[in-house]
Amino acid sequence: MSGLLLNFRNTVILSLVLALIMIIGFGVHAPGGFDAIFFQAVLRWIHVVAGILWIGLLYYFNFVQMRKMPEIPAEMKPAVSKFIAPEALFWFRWAALVTMLAGLAIAGIRGYTVQALSLGLAGNAPGTGVDVHYTLLGMGMWLGLIMGLNVWGIIWPNQKIALGIKEADADAKAKAAKIAALASRTNLLLSLPMLTAMTMSQTIFG
């Protein structure tokens, strides 16, 4: 057992297999079987798993790596910048993309994309006014989209320069590192309001 758990790939594969068994179990015993509600639940599972990986790595970068890097001796910093950071950024950016796509897919299937992205101002029945539920949920969706676009449009392009993945001189690397750090801190700032909107909305309004 210890040999299995010490192998990252095998541990993840086994975890996915166990999750798949449970997912099939939910489908078999769900009132509607493997219907649209079941596949919506699968999408929500993907959304949550990818979101945990994305935000978990965001918090790792901000709570640990960015804070402790100045204290690391210069000769040890390449271990982080050459090996740990690029690997973490790989999972970080792709988890962000999957989280966004799965979230938008859920909104599309449930039919509230327009209401949420318009913050409750559009897509409602005539005369019903603003739907505060979609205002609050939409705020979370917009914050998540801004954070995801920030990852792909600002953080990753500048991290490639800062980490030497893309060739640049020392001044360009320093500038890119600062921009990436500010963008990451922006996502940290937006993360708690985003998570508040998502979790509170789902719990209170369903």
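The values are calculated or read from the model by the stated rules, or taken from the named source; none is laboratory data. Keep in mind that this is a model prediction, so the values were computed, not measured. With ideal geometry, Cβ positions are generated from the backbone for all residues, glycine too; neighbour counts draw on all protein chains shown.
Looking at segment 158-174, which of its residues are part of a helix (DSSP H, G or I) and surrounded by 15 or more Cβ atoms within 10 Å (Cβ to Cβ)?
Going through segment 158-174, the residues part of a helix (DSSP H, G or I) turn out to be 158-162, 170-174.
Matches in segment 158-174: N158, Q159, K160, I161, A162, K173.
Looking at L101, is it within 21 Å of L149 (Cβ to Cβ), at pLDDT 95 or above, assigned to a helix (DSSP H, G or I) and touching a helix residue (DSSP H, G or I) at 6+ places or on another chain (Cβ under 8 Å)? Before the answer, list the steps.
Working: within 21 Å of L149 (Cβ to Cβ): yes; at pLDDT 95 or above: yes; assigned to a helix (DSSP H, G or I): yes; touching a helix residue (DSSP H, G or I) at 6+ places or on another chain (Cβ under 8 Å): no.
When the stated conditions are applied, L101 does not pass them.
Got a sec? Which of A125, A116, A74, A88 is within 16 Å of S184 (Cβ to Cβ) and either at pLDDT below 95 or more than 11 Å from the chain's Cα centre (by Cα) (or both)?
None of the other options fit; the residue is A88.
Would you kindly identify the helices (runs of 4 or more DSSP H) lying entirely within segment 1-87 that contain at least 2 residues that are farther than 24 Å from L192 by Cβ and assigned by TED's automatic domain parsing to the domain that holds G148?
Details: elements: 2-5, 8-29, 36-60.
Filter on segment 1-87 gives 36-60.
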